1. For residues that are in a loop (DSSP other than H, G, I, E, B) and touching a residue at least 24 places away in the same chain (Cβ under 8 Å), scanning just region 115-150, find the one that is nearest to M42 (Cα to Cα).
2. Quick check, is L142 out of contact with any Cys (no Cβ under 6 Å at 6 or more places or on another chain), closer than 22 Å to P8 by Cβ and open to solvent by 20 Å² or more (accessible area, probe 1.4 Å)?
3. Of the conditions (1) part of a strand (DSSP E or B); (2) out of contact with any Lys or Arg (no Cβ under 7 Å at 6 or more places or on another chain), V62 satisfies every one except a single condition; which number is it?
4. What number of residues within region 41-82 satisfy the criterion of being β-branched (V, I, T), open to solvent by less than 80 Å² (accessible area, probe 1.4 Å) and either touching a residue at least 12 places away in the same chain (Cβ under 8 Å) or touching a Pro at 6+ places or on another chain (Cβ under 9 Å) (or both)?
5. Give the number of residues within region 95-116 that are modelled with pLDDT under 80 and open to solvent by 90 Å² or more (accessible area, probe 1.4 Å).
Amino acid sequence: MDLNALLPDFNAIGKTDWSKPEVKFDTKDVPGLAAIGGAALMLIFVFLPWCKATWLEQTGDVYLGITTWYGILGFIMALVAVAGSLYKQYSFTFWAAVLGVLFGIIGMIVVPDTSAEELEMAKMLGIKVSHVGAILYFVASLVAGAGAFLKATK
């Protein structure tokens, strides 16, 4: 296992023919499919609600991932992960997925525009807070990162 393969090669990026992405995928290449599939799902899940409050079966505040600062950075990481997979630069996909995991964790913890006291009061009142989009983004980032890790280290 060559962990130096996880270091991004910026010289290879300079030599990349950007007009020819690798759009053919081998169905027997499970790590490669995991990398591109996870990266594509990262791109989709950033548009889901990363924080949604529900009280008495009525939805209150909904924050899409793309409407928060960590969701915007997650979107950028998803774009980098997709590009890394399409152009066979799996070290970029790996590091974008690692940062995606971090932004997913932030999305699962943070409730925008709410202080800790307000959050405690909301729990006492029975307001449920859901982070489904952030959880799915986190899982997709893990899948993309694992696939890219296996492809980069062979």
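1. Taking region 115-150 first, the residues in a loop (DSSP other than H, G, I, E, B) are 115, 125-127, 131.
If we keep only those that are touching a residue at least 24 places away in the same chain (Cβ under 8 Å) as well, we get 125-127, 131.
Values: L125: 33, G126: 31, I127: 28, H131: 15 Å.
Checking each candidate, the answer is H131.
2. Judged against the criteria, L142 is a match.
3. Looking at each condition in turn, V62 falls short on (2).
4. So the answer is 7.
5. As a first pass, look at region 95-116 and keep what is modelled with pLDDT under 80: 113-116.
So of that shortlist, the ones also open to solvent by 90 Å² or more (accessible area, probe 1.4 Å) come out as 113.
Count: 1.
The values are calculated or read from the model by the stated rules, or taken from the named source; none is laboratory data. All values reported here derive from a predicted model rather than from experimental measurement. Cβ sites come from the backbone with ideal geometry, for glycine too, and all protein chains shown count toward neighbours. The accessibility values were calculated without ligands, DNA or RNA, using every heavy atom of the protein model including side chains. Shrake-Rupley method; radii C 1.70, N 1.55, O 1.52, S 1.80 Å.
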